[in-house]
Structures are given as structure tokens and as C-alpha cells.
Protein chains: 2
Amino acid sequence: MVVNDSLQEQIQFLIEIDKLKTIERKTRIIHGDRLENDAEHSWHLAMMALILQSHSNKEVDLLKVIKMLLVHDLVEIDAGDTFAYDTVGHTDKYDREIKAAHRLFGILPEEQAQELLNLWLEFEAKETNEAQFASSMDRLQPLIHNHQNEGDTWQKYNITSEQVLNRNREIANGSETLWTYAQQIIQDSVDNGILTKSKS
Amino acid sequence: MVVNDSLQEQIQFLIEIDKLKTIERKTRIIHGDRLENDAEHSWHLAMMALILQSHSNKEVDLLKVIKMLLVHDLVEIDAGDTFAYDTVGHTDKYDREIKAAHRLFGILPEEQAQELLNLWLEFEAKETNEAQFASSMDRLQPLIHNHQNEGDTWQKYNITSEQVLNRNREIANGSETLWTYAQQIIQDSVDNGILTKSKS
């Protein structure tokens, strides 16, 4: 087939990233008995940003937030999903992921490769308003899932409310309102016996 | 739990739309042996718009295109997926979907409900530049999947190249370049014996 080189690279990238649909997370979907995959997770976060943007502490460029959320987990195609509470897995997470970012985004024409790499790096650094709001979506979503799914991964991996609070406190950097809401979910989960206060 | 009403409605909506992850399409994913669901499909289309925007015939507001693609299949939570080549299913498709749109978007605070309804109606009407480009992503993606998956649904449902050309000709309204590419995929599929020219 004759196609111009740029378009060929773009299509090749779009075929490659279909693999995100096969990367399983630890969290289950709410309306079904299976683990969530990274592609549908990314869609859900983009929808959250669209719906919850007014709760951001600072004004954000919504397109940038959504772009970050669409691409933020692509590196897991090579590096795999690292569980939120896996402290060992987190020691070499960045190294594994930066390598993946270069391989994957490198499939694209150079200018786009650079744009996606920059978006991913900005998301990871959590310094800009957009990255902080995007990151708060990524933290809040599994809380909602676990709250809806009777504790799910909290129960399965024996996670305490203290760990959940520590891990998710940074939601406040993106949205004080959503952090207040997250704390209510966590308290409600403790009250309902689906999240324990301390290691048993 | 005490949460302000708007936020409560927004969260309820975000929990409800998790159901999109359980709505199966007819098309298989590329890197795995199972059907694609609407949520991961919507993510893939949003990524396509991000990567392929320069091929749009007309300049488009990318944020609007991506918003449309994120929400375009939500109505299928109630109305189900209607197969592209199912002429009977298409007779009452719009009635089923408009009813679903009102129920689903109606969960949201009024202003947001109206915004999402308008986005969906604009996508369906295929008149604006954004809707035409978004729609061309929705047409092109299953072509790429079937081409990668040795014919897949074309084979399974005995679809001919004439049907595929007729169904997808409107890609040209969004992007002449991508329609040229789509025709090459279709021709290549015929040449490779994974798509037949006429009913057997």
C-alpha cells in the first residue's frame, strides 16, 4: 500500500496502542465482575475531567488535561500496571516507564512524539495546574470503584484507611472539593466495615 | 454522606456510565481474542482524533471533537450496540437512542445535561466540521481493526467490499486523506482474500 510516511507512522502507533485494552488494573469495574483495563480506565478519567472541571482549584486548560489522561497510562503497555500500594514495584517504576515512553511515542512522527512525551512528563511531574487536576482524577476514580465494590482491592490486599488517606491526600492539590468528597467516601467505607482502620 | 447536590449528581452519572465498559461491539480488539467494548473504543477514537487531526479537511476545535467521541456511544448503555450493517436495527435506532440520551444525561445538573445532549445531537447530525471529523474516526477505526484481524466481522457476517465502501464513503466528509487511506485498506483486504467483492 502507498501511504505517506507520516500517516503510516501514525496508523502504526494507533494499532500499537490497542494493546492498552489488554493491560489489566487491580481495580474491578463497577457494573460487572472483572478487572478494569487501562484503555477503559483512561476513557473514564477523561469523562471525569469533562464533568468535574468546575471543581478544580485553579483554572485549567481542559484539552490539555484530557490529552494527559488519554495518554498517561500508555507506558504500561511495556512497563505493566504497578499497584498503588506496591512499594517495591514503585522503586523502578519511573525507569521502566521512561523507556516505554521513548519506544512507544517514538513510533510517531518526531513532532508528535515530542508532544506526547512532554504531556506524559508533565503529568508525571504533577507541578502544573493541569497535571495536578488530571492526577486527582486518577486518584479519585479507584476510590469511587472500591467504595461501590464493597472494598474490593482494599479488602483483597489488606489496605488500611490510613494508607488510603496518605496515598490520596494529593487529590487536594487538584481539587479541595474533591478531596473533601474523597475523605467522606473513605470515612463512609470505614463506617460500613469495607475498609479497616489498622492492620489486623 | 453530606455532599452538595450538583457534585452528587455528577458522581452518580460517572458511576452510571461505568456501564459503557460492559457494552460489547461486533469488532474484536487487535491484540487479543475478545470483542471490544464501547468504553475502550471511545478512548481509541479520542486518541485517533488527537493523532490524526492534521488530516481533517477543515480546521476543527479538537476539544469539541474529543468531547463528542468520549460521549458518542453513551446512549448504547440503554439502547445497545447496533451493528453497522444491520438495516433492521437501524430503523428504530434513533428513537431508542434519544430516549437513552435524555435518561442518562438527565442524571447530571441541568446545564451539563444540556451540554452533553447538544454534543451528542451535533455528532449525530454530522453537519459541523467537528462532527464530520469525529464521525470519520468512528468509521475508520473498525476498518483498521478488520484489516488487522484478517477480515473478522466482514467474514463473520458475509459483508462485501461494496457494502464497506458505501458505508464508509462519508469518511471523505471529515478527511479526504483518510478516505484515500481507507480505500487502500479495503482494496488491500480484497487483494488478500479477507474481504469478498460480491455476495457468494
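The values are calculated or read from the model by the stated rules, or taken from the named source; none is laboratory data. The model shown is predicted, which means the values in this text are computed figures rather than measured ones. Virtual Cβ from ideal backbone geometry, glycine too; neighbours counted across all protein chains shown. Keep in mind that these areas ignore ligands, DNA and RNA; they rest on the heavy atoms of the full protein, side chains included. Shrake-Rupley method; radii C 1.70, N 1.55, O 1.52, S 1.80 Å.
Dividing the convex hull volume of the alpha-carbon atoms in the protein assembly as shown by its residue count gives 136 Å³ per residue.
Averaged over the residues of peptide A:47-60, the number of Cβ atoms from other protein chains lying within 10 Å of each residue's Cβ is 4.
Taking the label point 7 Å along Cα→Cβ, residue B:106 and its counterparts in the other copies are spaced 5.3 nm apart, in ascending order.
Only Cα pairs under 8 Å and 6+ residues apart enter the sum, and on that basis the relative contact order of region B:133-200 stands at 45 percent.
Taking A:62, A:117, A:14 as the candidate residues, the one with maximal mean-square fluctuation in a Gaussian network model of chain A, Cα springs under 10 Å, is A:14. Solvent-accessible area lost on pairing B with A (1.4 Å probe, both sides summed) amounts to about 4900 Å².
Comment: the Cα-to-Cβ extended label point of residue B:53, at 7 Å, lies 1.3 nm from its counterparts in the other copies, nearest first. Plainly put, the tip 7 Å out from Cα toward Cβ on residue A:22 is 2.6 nm from that tip on each other copy, the closest given first. For the peptide B:31-40, the mean number of other protein chain Cβ atoms found within 10 angstrom of a residue's Cβ is 5. The angle between the Cα long axis of helix A:129-148 and the longest principal axis of the Cα atoms of chain A comes to about 50 degrees, rounded to the nearest 10. Per-residue shielding of B:124-133, expressed as the average number of other chain Cβ atoms within 10 Å of the residue Cβ, stands at 0. The angle between the Cα long axis of helix B:38-52 and the main principal axis of chain B comes to about 70°, on a 0 to 90 degree scale.
Give the carbon-plus-sulfur fraction of the accessible surface of region A:1-140 in %, rounded to a whole number; probe 1.4 Å, heavy atoms of protein chains only. Ligands and nucleic acids excluded, carbon and sulfur reach 46 percent. Using the Cβ-Cβ distance between residue B:58 and residue A:34 with R0 set to 35 Å, the FRET efficiency works out to roughly 0.30. Between the helical axis of A:5-16 and the dominant principal axis of chain A, each derived from Cα atoms, what acute angle in degrees is found, rounded to the nearest 10? It works out to around 30 degrees.
Calculated accessible area for the protein assembly as shown comes out at 42 Å² per residue, all protein chains present (probe 1.4 Å; ligands, DNA, RNA ignored).
Extension gain, residue A:148 to residue A:167, is 4.9 nm, computed as 0.36 nm per intervening residue step minus the present C-alpha separation. Protection proxy ranking for A:185-196, A:50-61, A:89-100, using the average of other Cβ atoms within 10 Å per residue and placing the highest first: A:50-61, A:185-196, A:89-100. Straight-line reach from residue B:126: taking Cα to Cα under 22 Å and skipping same-chain neighbours fewer than 8 places apart, the lysines in range are B:58, B:64, B:67, B:93, B:99.
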